[in-house]
């Protein structure tokens, strides 16, 4: 199953194939950013790439902080039209957004 997830995630929004190591690095970095924003009671629970980040402990303020931290960490600017909750619903959603904006 992990291989299926990785294979499914190897293409970015522009259709470019992303190396598996790049995908792992990207998701690991996003998981670290999310982990820094989680309340203490959620810290012991691992975060999966498809876990709902609200369920994982991020409230609306933490989600806004995640948006800003993603811009800084990946040196991207998130356009207003991409500041949508669906783009920050999971690690996978954030990674797809970052991949798409990094190519642009």
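Bear in mind that the values in this text are calculations on the coordinates, not laboratory data. Keep in mind the model is a prediction, meaning the values are calculated, not measured. No Cβ is skipped: glycine too gets one built from the backbone with ideal geometry, and neighbour counts run over all protein chains shown.
Full extension of the chain between residue 67 and residue 54 yields a length gain of 3.3 nm, computed as 0.36 nm times the residue separation minus the alpha carbon distance. Which residues does the label zone of residue 42 cover in the stretch 75-97, counting backbone N under 12 Å from a point 7 Å along Cα→Cβ? 89-91, by backbone N distance to the label point.
If the segment from residue 75 to residue 32 were pulled out straight at 0.36 nm per residue, it would be longer than the present Cα-Cα gap by 13.9 nm. Each peptide among 83-96, 58-71 gets the average number of other Cβ atoms lying within 10 Å of its residues, and from highest to lowest they stand as 83-96, 58-71.
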